[in-house]
Amino acid sequence: MGKIFAVTNQKGGVGKTTTTVNLAAALAENAKRVLLIDLDPQGNATTGCGIDKATIDKSSYDVLVAEASAEDVILRHEDSSFDVIPTNADLTAAEIELLDIEQREHCLRLALEPVRSDYDYILIDCPPSLSMLTLNALVASKGVIIPIQCEYYALEGLSSLLKTVERIKQRANPALEITGLLRTMFDARNNLANQVSRQLINHFDKKVFHAIIPRNVRLAEAPSHGVSVVSYDRSSRGAIAYMALASEFMRRENS
Ligand SMILES: Nc1ncnc2c1ncn2[C@@H]1O[C@H](COP(=O)(O)OP(=O)(O)OP(=O)(O)O)[C@@H](O)[C@H]1O
Ligand SMILES: [Mg+2]
């Protein structure tokens with residue numbers, strides 16, 4: 001059965017989408033069957049996977065609230081090593097429409113049941129908020145991956161995310177665990193980054209991935225070509241870091 005992971009942090013611009021796309025590609029490089037779900041109305045992961053938001057017929061909106069089967073919405077591209085449920089701004093409406101649905105936090109989990117066995121890993125790119133969309137991702141997931149940019153405000157908001165995870169674990173999804181905290185856009189020459197990194201390890205110990213994602217221009221360039229960094233420049237520091245993350249992630253998941 002495919003294991004589902006939410007890549008989330010309500011803080012914006014910390015590397016959620018970059019991590020979802022590149023971890024998906026790095027896992028696929030390891031011959032894993034991967035599905036990426038774009039659950040952010042900004043649709044950055046969709047664009048980053050080379051899919052034109054303007055031309056998609058069905059999106060994660062349809063899977064969540066319009067009762068489309070996931071099977072009908074999944075895009076399988078010959079030149080992509082993993083499958084995608086794309087999105088666009090339509091998903092903004094889901095936030096409101098979900099309010100009228102019973103068991104509204106469970107919509108994504110239920111919708112994914114029929115396709116889970118087709119994949120080893122399903123990665124969900126979440127929006128920068130603790131919204132109903134993020135709650136759906138957390139209820140559907142077994143693990144949470146939290147990208148963190150090591151800067152002054154990095155830890156702010158982390159405690160409310162952790163409280164939300166704990167609440168969902170108690171009420172709706174007992175299997176939910178923090179898989180790991182990931183240091184992103186890391187600059188080892190920056191004292192503050194090193195200080196925040198030490199704080200993270202003091203607080204969260206083994207929950208912090210050993211793999212560190214450096215600030216690397218190739219990671220910022222790859223999305224404009226609609227490909228992962230592994231396809232764009234596999235010898236770049238960014239690609240090497242995401243391959244290392246994938247190895248560590250698979251070890252943690254023992255598969
Ligand atoms: N390691 C990195 N090195 C250089 N640039 C990066 C790195 N990671 C992300 N970026 C760039 O930083 C910006 C924000 O990254 P990204 O979109 O992944 O963050 P996000 O958390 O998904 O943002 P949002 O909260 O808006 O969804 C993007 O322009 C991305 O290309
Ligand atoms: Mg994003």
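A short reminder: the numbers here are calculations on the coordinates, not readings from a lab. These numbers were taken from a predicted model, which means no experiment stands behind them. Glycine also receives a Cβ, built like all others from the backbone with ideal geometry; neighbour counts cover every protein chain displayed.
State which entries of LYS53/LYS142; LYS16/LYS58; LYS16/LYS207; LYS11/LYS53 exceed 21 angstrom in Cα-Cα distance in the structure shown.
Working: LYS53/LYS142 28 Å; LYS16/LYS58 23 Å; LYS16/LYS207 17 Å; LYS11/LYS53 24 Å.
Pairs exceeding 21 Å: LYS53/LYS142; LYS16/LYS58; LYS11/LYS53.
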Legend entry - Amide hydrogen neighbours beyond the local backbone of ILE37, cut-off 5 Å, H modeled: ILE85, LEU123, ILE124, ASP125
Inset, instruction - Taking the Cβ of each residue in THR164, THR46 as the centre, tally the other Cβ atoms inside 10 Å and list the residues starting with the fewest. - result: THR164, THR46
Legend entry - Residues in the stretch 192-229 reached by a label modelled at TYR152 [backbone nitrogen below 17 Å; 7 Å Cα→Cβ]: 192-197
Inset, instruction - Subtracting the Cα-Cα distance from 0.36 nm times the residue separation, let me have the gained length for LEU192 to ALA93 in nm, one decimal. - result: 31.7 nm
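Quote to one decimal, in nm, the extra length available between SER159 and ASP205 on full extension: 0.36 nm per residue of separation minus the C-alpha distance between them.
Numbers: separation 46, 0.36 × 46 = 16.56 nm, distance 1.55 nm.
Length gained, SER159 through ASP205: 15.0 nm.
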Legend entry - Separation between Cα centres of the stretch 30-81 and the stretch 121-148, rounded to whole Å: 15 Å
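Quick one, what does Rg over Rh come out to for the chain if you take C-alpha atoms and the Kirkwood Rh? Before the final figure, lay out the partial values.
Working: Rg = 17.0 Å, Rh = 18.1 Å.
The Rg/Rh ratio comes out at 0.94.
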Inset, instruction - Give the long-range amide H neighbours of ILE4: residues separated by 5 or more places, or on another chain, with amide H under 5 Å away, using H modelled in the peptide plane at 1.01 Å from N. - result: ILE122, LYS142, GLY143
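Once the piece of chain linking ASP57 and ASP118 is laid out straight, how much longer is it, given 0.36 nm per residue of separation minus the C-alpha distance between them? List each step's numbers first, then the result.
Numbers: separation 61, 0.36 × 61 = 21.96 nm, distance 2.22 nm.
That works out to 19.7 nm of additional length.
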Legend entry - Model label zone, LYS169; criterion: amide N under 12 Å from point 7 Å along Cα-to-beta-carbon; scope the stretch 213-255: none
Legend entry - Of LEU27, LEU135, SER81, farthest towards positive along the dipole that unit charges on Lys, Arg, Asp, Glu beta carbons give the chain: LEU27
Inset, instruction - Can you tell me the dipole magnitude for the stretch 3-252 around its Cα centre, using point charges on the Cβ only (Lys, Arg +1; Asp, Glu -1), in Debye to the nearest 20? - result: 1360 debye
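Please return the longest range in the chain lying between exposed loop sites, taking trypsin sites (Lys or Arg not before Pro), DSSP loop only, at most 12 other beta-carbon atoms within 10 Å, and leaving the sites out. Mind dumping the intermediate values first?
Numbers: sites that count: ARG76, ARG189.
With trypsin sites (Lys or Arg not before Pro) excluded where exposed in loops, the chain gives 77-188 as its longest stretch.
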